[in-house]
6 protein chains.
Amino acid sequence: MSRKSAKAKSSVQSRKADSGDDTDITALALAETKLTPAMEAYFDKCIEKLGFVPNVLKAYAFDMPKLEAFVAMYNDLMLGPSGLSKLEREMIAVAVSSQNRCYYCLVAHGAAVRGVSDDPVLGELMVMNYRAARLDPRQRAMLDFAVKLTSEPWAVEEDDRKALRDVGFSDRDIWDIAAVAGFFNMSNRIASATDMRPNSIYHGQNRA
Amino acid sequence: MSRKSAKAKSSVQSRKADSGDDTDITALALAETKLTPAMEAYFDKCIEKLGFVPNVLKAYAFDMPKLEAFVAMYNDLMLGPSGLSKLEREMIAVAVSSQNRCYYCLVAHGAAVRGVSDDPVLGELMVMNYRAARLDPRQRAMLDFAVKLTSEPWAVEEDDRKALRDVGFSDRDIWDIAAVAGFFNMSNRIASATDMRPNSIYHGQNRA
Amino acid sequence: MSRKSAKAKSSVQSRKADSGDDTDITALALAETKLTPAMEAYFDKCIEKLGFVPNVLKAYAFDMPKLEAFVAMYNDLMLGPSGLSKLEREMIAVAVSSQNRCYYCLVAHGAAVRGVSDDPVLGELMVMNYRAARLDPRQRAMLDFAVKLTSEPWAVEEDDRKALRDVGFSDRDIWDIAAVAGFFNMSNRIASATDMRPNSIYHGQNRA
Amino acid sequence: MSRKSAKAKSSVQSRKADSGDDTDITALALAETKLTPAMEAYFDKCIEKLGFVPNVLKAYAFDMPKLEAFVAMYNDLMLGPSGLSKLEREMIAVAVSSQNRCYYCLVAHGAAVRGVSDDPVLGELMVMNYRAARLDPRQRAMLDFAVKLTSEPWAVEEDDRKALRDVGFSDRDIWDIAAVAGFFNMSNRIASATDMRPNSIYHGQNRA
Amino acid sequence: MSRKSAKAKSSVQSRKADSGDDTDITALALAETKLTPAMEAYFDKCIEKLGFVPNVLKAYAFDMPKLEAFVAMYNDLMLGPSGLSKLEREMIAVAVSSQNRCYYCLVAHGAAVRGVSDDPVLGELMVMNYRAARLDPRQRAMLDFAVKLTSEPWAVEEDDRKALRDVGFSDRDIWDIAAVAGFFNMSNRIASATDMRPNSIYHGQNRA
Amino acid sequence: MSRKSAKAKSSVQSRKADSGDDTDITALALAETKLTPAMEAYFDKCIEKLGFVPNVLKAYAFDMPKLEAFVAMYNDLMLGPSGLSKLEREMIAVAVSSQNRCYYCLVAHGAAVRGVSDDPVLGELMVMNYRAARLDPRQRAMLDFAVKLTSEPWAVEEDDRKALRDVGFSDRDIWDIAAVAGFFNMSNRIASATDMRPNSIYHGQNRA
């Protein structure tokens, strides 16, 4: 499917919304530049796998070094080898984005939690209040750490790392929890600073 | 449709979720008492109109005076005559519940915003961050007032009321905005205090 | 005593104050409507028992369904059967109102704590900082729960309910603590939103 | 009147309270040392003028240099020459102490506001929420500055000083507002750190 | 060294800075008055020992009773007999000033921590985040108490005092911790309110 | 200079400190892996230009994809083409890190501000309270945006972007301000989560 038809598809989905999600991706007027071959291939892969190019990538597409650095870091963190499952990384993404009330990331990664877990309710719980979810102690400790790191990073200390080790996380896992939480603390702010709008197609995904 | 079959229907919807939304309505062991005729009729009407009895009503059903007072106040505020549309009242409900991160109210009234507005995205925006919604100045002022009243009620003063009057709200409208915001500041806390769980059927409503 | 003479009496008490407590009950121009017979009887009962009609009732008297719903809920919560004493319910009212810095409720319910307890200092402690009061563990746990529910409702969880059960509260008691705390989180906000002023007669009550 | 009879008098006033205000002045076991002649004379003057020695002075009386420094600073700030009236200085004291929820200072200086102003309601307003008081622009600006300086001193800047100058305060007045607000930010913390209890006689003062 | 030559020296040090630290000591136009003999002697002693008169003293020099009260309290607290070492008192000063983000006090007392401890890194840690310093349990408890007393004085209770006693602090030590923390909560606010600027010579002191 | 001799040099500088800054770079036991040729070259370039390898790079060196992604993003943001000067980017880094009280980033980037600006006082101001610095309106607006984006990203809206445009920033500049602020919101959290320690050599750099 071409990028153009992907856009058409998502427009239909958002017919009723005046959110402008698909028309004005950010509040900044930054012209898309020519994609490098690597990024051209990456965008094509997005369309092939997702049916569309996530708007965050289009937002970064005004500058290739920035887009490439973002993609490299994102893919390593969210899809690379880790003791955290892909679902756990998405859960961190959403719990952090909820703390920061980031519309873009809550929509895009809320859909991911719903999709990866095949549990639509879990996605809603991460968006609304992760404390209300009935999680096992490992995942609860993971999210408590990520959210404390988000809201008062200055107060994270050895006791907090110990709480992670006590439920079985390794030192490498602790790094990964911190790195995913850190990454979304960055992305949430770039999205909020630029009024970044998610592809409206996310809203209806994985609801049933 | 009987209450029993309504429950069956919602169970199917939440098959994948281990949220327990439909089995344990609150964390408190409070036996349902016999419904008064008025409340029996009201529950039947819920089933007729919604297909189910909202869990908050079941949660209150251990004591008829409490249930009746809650129903009377709720119906007057949310459905009675007002200069605010029903959608506007639901928008206040969700924006306040987002500030308080109340799972029950975000699920139930998020569905209501999606349904009343026929705009699924608007529901998500109210849940996630009302500031990201592209609202007209009247609705924006209304939600700014409701959310400030939620987060720092001690600082609401004449300037805040003036901001409402400046976009056309009457004194009666200001009362209604305050009363709806106040009501959900109450309900959010009762729900959080008791770990109240929404009917899982809400999650899938009005998504398309 | 008629409502008119009650007003005269309270005017004398507030002679020195330019607070306007008794002249402008709220900042909203909402004309009193005709009381229903039930509310007429209720106002008369207030004058008989208290010597005056609390201003909050006059503030709601522009609309009978709203007044009646408020009165029904208030009387059930504060005066109805409960495992909490009337003093304990008033203590919650004041501790919550202190957190929200609500002038109306602190004045009216501070007077109630002084009166019900026959301990003027206890009323001041609830207004100023309940943590400074030398309470038994049961009442301290009750107020800790109510104030946490006020300031960060999203973080109230099973451990908080356990702390109440550990000092002897039943599940029904927990509901009542939450419901009273919730009710004043509503009332505080309606009072602040409308600049509601207490009857000035409260200030001097139960001081000796 | 001797210190002994002053104590007897205040004991009667607090008969019903189990606040221990007059028996355990602080939570710290610090033996009173022998008063210097200057402090002996000062305590006698307190008894002569007030009928009692304020507990804060007894709390400092374990060490004469500390007591003398406190008394010197207090008397200069609160009673010395200033463009601020004594009432205005007491209003700052109470508004700051309300922000910090300091039981000792709210009781002692709330009584002072009631007494100096001959307006019991004004004292309650300063304790509960100074924003609800109907103040002239000068006094409102003064308290806004003092409370902002209390809650977020890092954000006080030239615009805040300008707001004081705009209502007529001189640079010397600005110093005095800051110094009184600063002093109570110190005293509030020493009182809270030591669980300092006010003389219970304050509670009933200047109520009529 | 005369005051004039001390000024010359510090001017050289701050050549590159446009901070105006040495030219405009505060944002208030308050003329220095004639020093009393005691204060004249004290300023001379500062020049003899430090090489300069700290700007805070010049800021107070518009009024001798204020200057003398400040000096008396400061010297008693920071230099008088105490179970706390002078370094510990300076550590409290800086940790409190960091919480309040007070430029003047962080510069002046950060230099003092560096100097008294002969450990430049310790000074930086107190300025930046005392929790990152590798302190013994006694000093950590001391700073935890001082910082909690700064950020939420209303919540300091017996458990907090017990934590100090548990690491060996006496009741007198607890007073001194509270008094030093309280004093800097005052000074931080006077400095912020007046935009007080430190002597620029502090910046380079004790860095090696 | 070899990495070994660089380490020896910095050890001397930190002789008096027991901060362990140079011995335990993080609280996590993550073994350094073999550097890729590109990273080997990059580390060598650090030693050549700085005299040492910044500890953050060593902390990431357990995993080459993570190190390479971090280096690519860092170098693009902080050293790549931008309408913001390198000093301005470092000022954002420090102001954000001050808000988050991140020891590592304050030390490393505080040194950078001192070095790039040749103004040691400016570095201290960014660490302590950027509001106290006497900045031109452009830089002040830039830091106000970055710090608001750090502390309450959900509240950044069009008015905030307008404030940047009003002092001359382009849309691309706004992206860069957001991206640098976002990046340090990530890095601050990874540093705090892992107790990352700066090279102690930074402390003494660019002080004179």
About the Cα centre of region C:61-127, how large is the charge dipole given +1 on each Lys and Arg Cβ and -1 on each Asp and Glu Cβ? Please answer in debye to the nearest 20. 120
Would you kindly find the accessible area of D:CYS46, with a 1.4 Å probe and non-protein molecules such as ligands, DNA and RNA excluded, rounding to the nearest 10 Å²? 10
Roughly how many Å is it from the Cα centre of region D:40-98 to that of region C:41-103, as a whole number? 40
List the distances, in nm and shortest first, from the label point of D:PRO81 to the matching label points in every other copy, placing each point 7 Å from Cα along the Cα-to-Cβ direction. 3.8, 6.7, 6.7, 7.2, 8.0
Cα gyration tensor shape of region F:78-153, rounded if a/c is under 1.5, else prolate or oblate by comparing a/b with b/c: rounded
With a 1.4 Å probe and every protein chain kept in, tell me what percent of the accessible surface of region F:94-190 is carbon plus sulfur. 48
How far is D:ASP44 from itself in the other copies, in nm, if each label sits 7 Å out from Cα along the Cα-Cβ line, shortest first? 3.7, 6.6, 8.8, 8.8, 10.1
Given charges of +1 on the Cβ of Lys and Arg and -1 on the Cβ of Asp and Glu, with all other atoms neutral, how large is the dipole of region E:149-195 about its Cα centre, in debye to the nearest 20? 140
If you rotate chain B onto chain E, the residue of B with its Cβ nearest that axis, and the gap in whole angstrom, comes out as B:TRP154, 7
Options E:ALA108, E:TRP154, E:GLN205, ranked by Cα towards positive dipole end of chain E, top entry (Cβ charges): E:GLN205
Cα-based Rg / Dmax (Å) for region F:94-208: 14.4, 42
If the rule is a partner Cβ under 4.7 Å, which cysteines in the protein assembly as shown fail it? A:CYS46, B:CYS46, C:CYS46, D:CYS46, E:CYS46, F:CYS46
May I ask you to report, in nm to one decimal and beginning with the shortest, the distances from B:ARG134 to the same position in the other copies, taking label points 7 Å along Cα-to-Cβ? 4.1, 4.6, 4.6, 5.6, 6.4
Using a 1.4 Å probe on the protein heavy atoms only, what accessible surface does E:PHE145 show? Give it in Å² to the nearest 10. 10
For peptide E:173-181, compute the average count of partner chain beta-carbon atoms within 10 Å of each residue's beta-carbon. 5
Tell me the label-point distance for the pair E:ALA31, D:GLU40, using the 7 Å Cα-to-Cβ offset, in nm and rounded to one decimal. 4.3
Arrange the peptides E:87-95, C:73-81, C:172-180 so that the one whose residues have, on average, the most other Cβ atoms within 10 Å appears first. E:87-95, C:172-180, C:73-81
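Note down the magnitude of the dipole of the protein assembly as shown about its Cα centre, charges +1 on Lys and Arg C-beta and -1 on Asp and Glu C-beta and zero elsewhere, to the nearest 20 debye.
0
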To the nearest Å, what is the center-to-center distance of region C:178-192 and region B:133-208, using C-alpha atoms only? 14
Calculate how large, on average over all directions, the projected area of the Cα convex hull of region C:72-119 is; give the answer in nm² to one decimal. 3.4
Size of the protein assembly as shown as Cα extents on the principal axes (Å, biggest first): 95, 91, 51
Could you tell me the total accessible area buried at the E-F interface, probe 1.4 Å, in square angstrom to the nearest hundred? 2900
Not counting ligands, DNA or RNA, and with a 1.4 Å probe, what is C:SER98's accessible surface area in Å² rounded to the nearest 10? 10
Beyond a 32 Å Cα-Cα separation, which of these cross-linked pairs lie in this structure: B:LYS162/D:LYS162; D:LYS58/E:LYS45; D:LYS148/F:LYS162? D:LYS58/E:LYS45
Accessible area per residue of chain A at 1.4 Å probe, in Å²? 35
Under a GNM of chain D (C-alpha, springs under 10 Å), which listed residue has the highest mean-square fluctuation: D:ASP119, D:ASP136, D:ASP166? D:ASP136
Quick check on chain A: what are the equivalent-ellipsoid semi-axes from the Cα gyration tensor, as sqrt(5λ), descending, whole Å? 30, 19, 16
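Label region F:27-96 by shape, choosing from rounded, prolate and oblate, from the square roots a ≥ b ≥ c of the eigenvalues of the Cα gyration tensor; if a/c is under 1.5 it is rounded, and otherwise prolate applies when a/b is larger than b/c, oblate when it is not.
Working: a/c = 1.99, a/b = 1.68, b/c = 1.18.
Taking the square roots of the gyration eigenvalues as a ≥ b ≥ c, region F:27-96 is prolate.
The values are calculated or read from the model by the stated rules, or taken from the named source; none is laboratory data. None of the values given here were measured: they were computed from a predicted structure. Don't worry about glycine lacking a Cβ; one is built from the backbone with ideal geometry, like all the others, and counts go over all protein chains shown. Calculation scope for accessible area: heavy atoms of the full protein, side chains included, ligands and nucleic acids excluded. Shrake-Rupley method; radii C 1.70, N 1.55, O 1.52, S 1.80 Å.
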